Amino acid sequence: ASVRLPPTLATRQQTGNLKSTIMAFSHFYLPLSSLGECVLQRAVMVRKKLTAREGRGWLSGTLYCTHFRVVFVPQDSPNPDDNADLVLLGDHDVALASIEKVVVVGPNRTKLVTPNSSLKFTPEELVLYCRDMRVICFLFDRLTPDPQVIEITYTIAKTYQPLKPGSVLSFQNAALGSVEMKQFLSNRRRDAHMNWFDSTSDWEQELERCGASGWRVSSVNDRFEMSTSLPRFIAVPQKVFDTELKKSFAHFNEGRIPRWCWRHPRGSDLLRMASFQNNIYHEKDDIRNLEMILFGCQSSLCVVVELGEELPSPADIQLAHSRLRTLCLGDISTSVSVPDDKWLSTLESTHWLDYTRSCLRKASEVACLLRGGHLTVALQEPEDRDMSCVVSSLVQVMCDPHCRTQHGFQSLVQKEWVILQPHQLPPPVTHDDNSAPVFLLFLDCVWQLWSQYPSLFQLTDDFLLALHDSVHLPLFSTFLANCQRERCKPSQNLGQSYTPVNGWRDTLHPDSSSYPSDPPLPPVWDWSLQYSKQRQECFTHPVPPTPPLQPLLNGNLNTNPDKHRVTDTIPGSVVLLSRGVFSCPANLLPWRNSSSGIYKKSHRRAPSSENVPGLERLLKAWALTEFPQVLTSTCGPQAPLDPYEPLLPLLMVPCMGLWKECYLRGALHAQAFSHPISTNHLHPVERLAQEVQQLKDKLAQVSTSTDTNPPTKPAEPRNADTNLNQNTNNGTFLFPASRPQGMGAPKAAPSPTSTTQHNSRGPTPSSAPPCRPSHKDNGGSNKHTFLFGHSSVAETRPDQRYYPAPSNAKPPKSKSSIAS
Amino acid sequence: MEKQAGAAGAADGVGPNKKSWGSQSSGAATGDILDCPSGSHVEWCKQLIAATISSQISGPVPPDIVNRDNKILPALRYGSQVRMVQNQVPLLPGETVQTTVQDVMYICPFSGLVNGTLTITDYKLYFTSVERESPFVLDVNLGVISRLEIISVPNQGENTKGLELVCKDIRSPRFAYKTEESHPDVLETLVKHAFPLSHNLPLFAFLYKEQIPVDGWKVYDPTAEYRRQGLPNESWTISKINSTYELCDTYPSILVIPTNITDEEVKRVAVFRAKNRFPVLSWIHPESQATIVRCSQPLVGPSECRCKEDERLLQIIMDANAQSHKLTVFDARQGSVAVTNKAKDGGYESETFYPNVELNFLEIPNIHVMRESLRKMKDVVYPTIDEDHWHSSIDQTHWLEYIRLLLAGAAKIADKLESGKTSVVVHCSDGWDRTAQLTSLAMLMLDSYYRTLHGFQVLVEKEWISFGHKFAARVGHGDENHANSERSPLFVQFIDCVWQMTRQFPAAFEFNELFLITMLDHLYSCLFGTFLYNSEKERAAKEVQTQTVSLWSYINSQPEDFTNPFYVDYEHHVLYPLVSSRHLELWTSYYARWNPRMRPQVPVHQTLKELLILKAELQRKVEELQKEAYSHSHSQSSSSDHSPSPNHTTGTPLHSAV
């Protein structure tokens, strides 16, 4: 009763007093308005089109444009909870910096709105095309005052950030610059569950986690004197002293010497390095050091994996990505649309899926090599910036279950992308058009792995999607500074920045005295700034990953679990893997080149080609079996395998999926009918996970609430929530609110018990799942409750949740229609 | 075409196939029947299917694996036992080995030549080899064979013959074998049993002796199904006018027709409709009383014939639904084709003669186009996949384009009923192909009952089997005339559409992908009687229900294998699938399932089953605890009026006035 009733269409229609309604709206709570955010424009009675994820359909509310975001406040959203965490962006909000294009749809026409354009008609629909490939669509009601419609369109068009220098900074200032926000951010704690890789102890912790004995953390580059692009701390072999180490930087492009990335439990190490500097004289001592660094702790065999030639170049990736964007966005303002019967051909011609496939193939090969045990695999790329990040991180996702958890993955990104190789994260606004979306390609590859092995990941595609979208938002320190050096020396004017396409060039921020320290940028991993608790809960599976099973011999690389150790190798052998072929070119290591002469004295010339057959066996596609052994396959529990067995993805082209939840989110082209379409794209596993979680919650509830006061009102379980969500589409075929009591209890969904999700959650009992703490018991729920109808308002006045209220609402289907 | 299977087979008529029994080198005690302690056929069969979509191999296995592992199969469910012959060929009850040939070479398109033993029974072809790291088994039921072709096998000696089995399920295994005198002719045996009807032999379904306690023939009872829909009512009656199949020999005996029309009039309408398939009710909306009515094209002809009774019947159908003053006719054909059909005595309902009728053409091409499209698809997915042009070659088959047309057409129909509250009449030319596809898809969208495991069986029985989709002609069961232009994969196309819907609404269907694939496999296999023959009349004459086992008996005896663990009964939801080609996918786990490189490491089916068990376990636990909590709260205070029992809700009347 104390909940203030937001005005609804029903009340408006009843009173018929438009003016009073607008007055009511103007009092409406705008989150964050206390943090120095100013509302530039407002439009009432706007409907937002919901995506498949959100259940499709429409949501009515009020649209605001502030100086850094477009805010949509649904009309039934609850009152602000004073204790709720401040958030930068709500679930329905769009940062102005994310917007790429503003398009309006009027009667029989569409128009691209630029800051200078003028409208000659009143838009009925406002479409925001975002850099992260979202397409957000707002519908104006007939009752929305025309001036509001036109003004908010102008305002958005003028204040969103077209690509121009300095706009990032002004956007950052707008979003984070207020005193309150700075205060707020400075009080935020870093997530202690993940490894941030910015101190010696962080690196030591990782060495310990991987059991990488024989390696140590060196701070030889602490002042970035050895290499400007390398991090302050690097992991190198214990036997190499810093004094020796210093001499080797010159032998590698940009000083990017071989560095340890990860150790496979079978003892193989994964390294990354840039190409060798060839025009340098190799001292005898240098050679000894170089060999030691390269071989790491393995004295026997080093495989150099050449990445440059087989994998796409950053320019290729950029081109493919922009084609993919154009294809998937389905921009209605340009009349270019792909006919239905050419869709797949056009998709093929983007080559995006080819590139994900080649990255996955390369990573699978490396994973198979590492599994062979006791060798060193060094990924070599001329500049060690692009594909080595992708391959190295993919290998770890494939092999290391820890990297398939949310925190493990965040640590991995921190290690491989932010600290070790910082350049490739696309600084989104400033050079969106010429930076290569290598990181996006990596995310796509992880998604491919995830979609083939969903049960072996703790993180979900929701998490990947959130990360994908955040990359495009220039608010996070994680993606903005170009290397650790920049992050560490905030006030220094760097003068130039690097992009892989254009190379070194002058920085876009001549006034970088204030960059990036002011305002301080939060890390992207502080998810609460952007995502409500509910949405963060979807980042992980509640069900623990199942152990891997005996592999299927499908002829897809080496799926044979037999241990194929490479034995009897002569110490000091080096083999090159390039284009899937092993070879031992004489000049692979420049210092072993016969011309240098020194090598021969110090080392026995290794006839390394003897190792090739052994290595080939590691990669060999194992027996294809046309008809699987049915009788052996499905009976009996199979012994779980080593958890570090790599997840080898299917690499056939038909097995490469399009990440539709990401690229095809713009539902505009999907309109088959004039009315919204009910669909649900939740992944089945995810769905069940939700349900299991819900059942577990219920268990916890029941076991704790036995002695507490009995719950008083029915709250619908989550599955039914999705139901409701879907129902918002079209009043004509929805009856959940009016469904007769007692008959609806669906078989699969837990029945709507009279339990409240909120009051009895408190202490998690011991029977609760260990994998995820319940944390729904605070104000974080304010983003979703309006949909789910927890409030008594919604319960008693169900029809008002749907807009427009169906004037011809039908009674529920008669019982005669139900199967006997 | 000189390599015709039949002709070639007749040419080398070698000895009787029984010889093979004696010539077996390995078989010390031939015909020795092992009493396997476990492993009913059904279990085995299920695994076989499961394996085709998502299987696991546990590394190299010892050669005796087949025998050994049969013993650890789950306990026997119903008495029948798989008979095992010495050479490890599992046999179904009623199945007999026809010939066994040693030293046959299987030409595997994925891993080269495999040498092994080929056994041909009257149901299947079974090839085993133990020469590899893991034993190799290839099992092809004979019903799936579309044609047999002699191929040339280079470099294998003069008296080596090559044989290609072109199958209906998108694969073509090839074998090479020596034509020595001691060998019976493989080809002849194969031809005889793959095409029994062409050789005056019975279909295997009539030999199959499995006893399954569940009777699948009871799944569909037309009267009960119409009662479920609320029929008869004041406008519609259940008629026995066709009880002897005299009026229309391709319709079922029980039909629903308007109350206000006499039998005489119906008979005159039947004459005016192609193949006498006059308009009858398929489905009625429980609220608006809008109906889906199906029929064939009117015989308008070049002279623009009219039929007063037909016009009156459509008027009555429209009047039976008080909500709308229109009747929409969906003609599945392309408009131009419908016009040219007039020259062949066919045609369409002219809006001038049928007042209040709105005519829509859904522009779906005919069965020949669909057959050609699937043939192109086979070239794309089997045996090798052109990885560089995969997507564009899929585009070129136009298969997804036709799937899109069908789904879009069905969604239009569903929308017309649901939103427009208007009755619809659906027909194509004869009303048994595209019409069945469209009406069943529309009903699937509209009525959640059909999305259950049981309801879907009813839907197939009703719209496809009883209403005379010509399964025998379209599939060509046991018939060697593979070039028959009557053949077309329309049911496959329908199941593909259903699969597309299950992809878009993963929680809305009670059945899973395995169910759909199982249905398609047994569409061809001739193991069950369900899909045999063209009409209810023929099936009654052949006593299919008493002589054969129903596919549904098999399915319903182990529903847990075919159940979707994510199913939520969206009881009153109408599903509108997205029909843009961006949201359609090629069903690779069916079409490309023979390629071992496409087999996922994580077996989907197994995962689903595990989840199902997990879910059941949790639900049971929840209920237990709820009970406990309930008794707790009751013992504490008897006045407590709120219980956490699932059915109890403190009812605020949720339905308030608008």
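All conditions in (1) within 14 Å of chain A (Cβ to nearest Cβ); (2) free of Cβ contacts under 8 Å to residues at least 40 places away in the same chain; (3) not β-branched (Val, Ile, Thr) hold for B:GLU513, with the sole exception of (2).
Let's see how each residue does on (1) buried (at least 21 other Cβ atoms within 10 Å of the Cβ); (2) aromatic (Phe, Trp, Tyr); (3) more than 14 Å from chain A (Cβ to nearest Cβ):
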residue: B:ILE107; (1), (2), (3): no, no, no
residue: B:PHE110; (1), (2), (3): no, yes, no
residue: B:THR121; (1), (2), (3): yes, no, yes
residue: B:PHE136; (1), (2), (3): yes, yes, no
residue: B:ARG147; (1), (2), (3): yes, no, yes
residue: B:VAL166; (1), (2), (3): no, no, yes
residue: B:TYR177; (1), (2), (3): yes, yes, yes
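For region A:227-239, the count of residues that are surrounded by fewer than 16 Cβ atoms within 10 Å (Cβ to Cβ), more than 22 Å from A:VAL418 (Cα to Cα) and basic (Lys, Arg) is nonzero.
Scanning region A:354-370 for residues that are open to solvent by less than 20 Å² (accessible area, probe 1.4 Å) and under 24 Å from the mean Cα position of the chain (by Cα) yields A:THR356, A:CYS359, A:LEU360, A:LYS362, A:ALA363, A:SER364, A:VAL366, A:ALA367.
Residues checked against (1) more than 15 Å from the chain's Cα centre (by Cα); (2) in the same structural domain as B:TRP587 (by the TED database); (3) in a helix (DSSP H, G or I); (4) buried (at least 22 other Cβ atoms within 10 Å of the Cβ):
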| site | (1), (2), (3), (4) |
| --- | --- |
| B:ALA472 | no, yes, yes, no |
| B:ILE495 | no, yes, yes, no |
| B:PHE515 | no, yes, yes, yes |
| B:THR546 | yes, yes, yes, no |
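Being assigned to a strand (DSSP E or B), over 20 Å from B:GLU95 (Cβ atoms), open to solvent by 30 Å² or more (accessible area, probe 1.4 Å) and not assigned by the TED database to the domain that holds B:ALA483 is a condition met by at least one residue of region B:151-163. Residue count for region B:252-299, restricted to those that are open to solvent by 10 Å² or more (accessible area, probe 1.4 Å), over 28 Å from the mean Cα position of the chain (by Cα) and aliphatic (A, V, I, L, M): 3.
Residues that are polar (S, T, N, Q) and open to solvent by less than 20 Å² (accessible area, probe 1.4 Å) within region A:267-296 comprise A:SER268, A:ASN289, listed in sequence order. Across region B:550-568, the qualifying residues are those that are crowded, with 21+ Cβ neighbours inside 10 Å and in a loop (DSSP other than H, G, I, E, B), and the one among them that is farthest from the other protein chains (Cβ to nearest Cβ) is B:SER550. Listed by position, the strands (runs of 3 or more DSSP E) enclosed by region B:200-288 that each have at least 2 residues that are under 24 Å from B:ALA436 (Cα atoms) and within 14 Å of another protein chain (Cβ to nearest Cβ) are B:280-284. Of the residues making up region B:589-606, those that are more than 18 Å from B:THR518 (Cβ to Cβ), at the interface with chain A (Cβ under 7 Å from one of its Cβ atoms) and either assigned to a loop (DSSP other than H, G, I, E, B) or open to solvent by less than 40 Å² (accessible area, probe 1.4 Å) (or both) are B:PRO596, B:MET598, B:PRO600, B:GLN601, B:VAL602. Taken over region B:397-412, the residue count meeting the criterion of being at the interface with chain A (Cβ under 8 Å from one of its Cβ atoms) and not aliphatic (A, V, I, L, M) is 3. A count restricted to region B:437-464 and to residues that are under 29 Å from B:ARG147 (Cα atoms) and open to solvent by less than 10 Å² (accessible area, probe 1.4 Å) stands at 3. May I ask you to say which residue of B:GLY409, B:GLY420 is open to solvent by less than 10 Å² (accessible area, probe 1.4 Å), in contact (Cβ under 8 Å) with a residue 40 or more places away in the chain and either in the same structural domain as B:GLN500 (by the TED database) or over 21 Å from the mean Cα position of the chain (by Cα) (or both)? Going through B:GLY409, B:GLY420 in turn, the sole match is B:GLY409. Checked against the criterion of being touching an Asp or Glu at 6+ places or on another chain (Cβ under 8 Å), more than 16 Å from A:LEU290 (Cα to Cα) and either modelled with pLDDT of 90 or more or hydroxyl-bearing (Ser, Thr, Tyr) (or both), the candidates A:SER213, A:SER229, A:SER201 yield just one match: A:SER229.
Here the condition is being modelled with pLDDT under 90 and either more than 26 Å from B:ARG582 (Cα to Cα) or open to solvent by less than 10 Å² (accessible area, probe 1.4 Å) (or both); of A:SER335, A:SER300, it holds for A:SER300 alone.
The values are calculated or read from the model by the stated rules, or taken from the named source; none is laboratory data. Nothing here was measured: the structure is a model prediction, and the numbers come from that model. Positions of Cβ are generated from backbone atoms using ideal geometry, with glycine treated the same way; all protein chains shown enter the neighbour counts. Just so you know, the surface numbers come from the protein's heavy atoms only, side chains and all, with ligands and any DNA or RNA stripped out. Shrake-Rupley method; radii C 1.70, N 1.55, O 1.52, S 1.80 Å.
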